[in-house]
Each structure stands twice: as structure tokens, then as C-alpha cells.
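Okay, so here's the structure we're looking at.
The values are calculated or read from the model by the stated rules, or taken from the named source; none is laboratory data. If you're wondering where the values come from, they're calculated on a predicted model, not measured in any experiment. With ideal geometry, Cβ positions are generated from the backbone for all residues, glycine too; neighbour counts draw on all protein chains shown.
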Amino acid sequence: MLPIYSYMWYIFFGVEREFMRLLKLITSAMLFLAILELPYGYYNLLRLVVTISGGISSFNAYKNKNEGIAIIFGIICLLFNPIFPIYMIKDDWILIDFIVGIFFLVSGLREKDSKKD
């Protein structure tokens with residue numbers, strides 16, 4: 001298992017596709033699980049995971065000259081940020097979790113395998 005700084009090296013220096021795919025698919029799964037009635041701590045963890053995943057994905061999309069997707073991931077970061085949380089009723093969050101989960105799922109599945117390039 002690699003330490004976190006090795007993952008950062010992995011992300012910022014170009015061999016990130018498999019990591020990005022895994023990160024987006026895990027985030028998507030967590031968002032779909034959030035539709036269920038879970039303890040409040042899960043939603044705090046979800047905010048943190050989605051913000052980090054969205055930030056890394058936004059940086060990666062911008063680096064790959066995909067500004068539109070970078071902006072969408074940036075908006076997701078703002079929406080889910082744990083420092084200045086946005087409060088809504090559960091029904092609103094269910095819809096948002098589902099839409100953002102679909103977005104992360106599609107984005108993760110569209111990540112190309114670096115071995116095929």
C-alpha cells in the first residue's frame with residue numbers, strides 16, 4: 001500500500017487514470033448509499049469525500065483542457081464542502097446525491113485506461 005504522498009505524486013504527474021476511475025466510482029457508490037437513511041456521521045464523511053474527490057477531479061479535468069467538466073466538479077465541491085455546509089431537507093439531498101452520483105459514475109466509467117492509449 002502506497003502512502004498518501006505517493007498517490008499525490010501519482011495524480012499530479014500523469015499516471016492517474018486508474019486512480020481517478022477508482023476514486024470516482026467509490027465516490028459514486030457513497031453518493032448512492034446516501035439515499036438510504038444512515039447516521040449523521042456518514043453524511044459528514046460523504047461531504048469530505050465528495051469535496052476531495054471533486055477537487056481532484058476538477059484539477060484533473062482542467063489539466064486535461066476540459067474546462068466545462070472542471071467547472072461542474074468545482075460546483076460540486078462548493079455544494080458538498082464540509083467547512084461552509086449548505087443545509088437542505090433530506091428530499092432535496094436525495095435528488096442531489098442521485099444526480100451527482102450519476103455524474104461521478106459516468107465520469108469514472110469514461111476514464112480511459114492508460115494501457116490502451
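Within region 70-117, the set of residues being closer than 18 Å to F19 by Cα and either at pLDDT below 90 or in contact with a His (Cβ under 7 Å, 6 or more places away or on another chain) (or both) comprises S107, G108, L109, R110, E111, K112, D113, S114, K115, K116, D117.
Right, G55: modelled with pLDDT of 90 or more and within 11 Å of the chain's Cα centre (by Cα) or not?
Spelling it out, G55 is indeed modelled with pLDDT of 90 or more and within 11 Å of the chain's Cα centre (by Cα).
Can you name the number of the only condition in (1) touching a helix residue (DSSP H, G or I) at 6+ places or on another chain (Cβ under 7 Å); (2) loosely packed, with under 15 Cβ neighbours inside 10 Å that P82 fails? With respect to (1) touching a helix residue (DSSP H, G or I) at 6+ places or on another chain (Cβ under 7 Å); (2) loosely packed, with under 15 Cβ neighbours inside 10 Å, P82 is out only on (2). Looking at region 33-55, can you tell me whether even one residue there is out of contact with any Phe, Trp or Tyr (no Cβ under 6 Å at 6 or more places or on another chain), charged (D, E, K, R) and in a helix (DSSP H, G or I)? No, region 33-55 contains no residue that is out of contact with any Phe, Trp or Tyr (no Cβ under 6 Å at 6 or more places or on another chain), charged (D, E, K, R) and in a helix (DSSP H, G or I).
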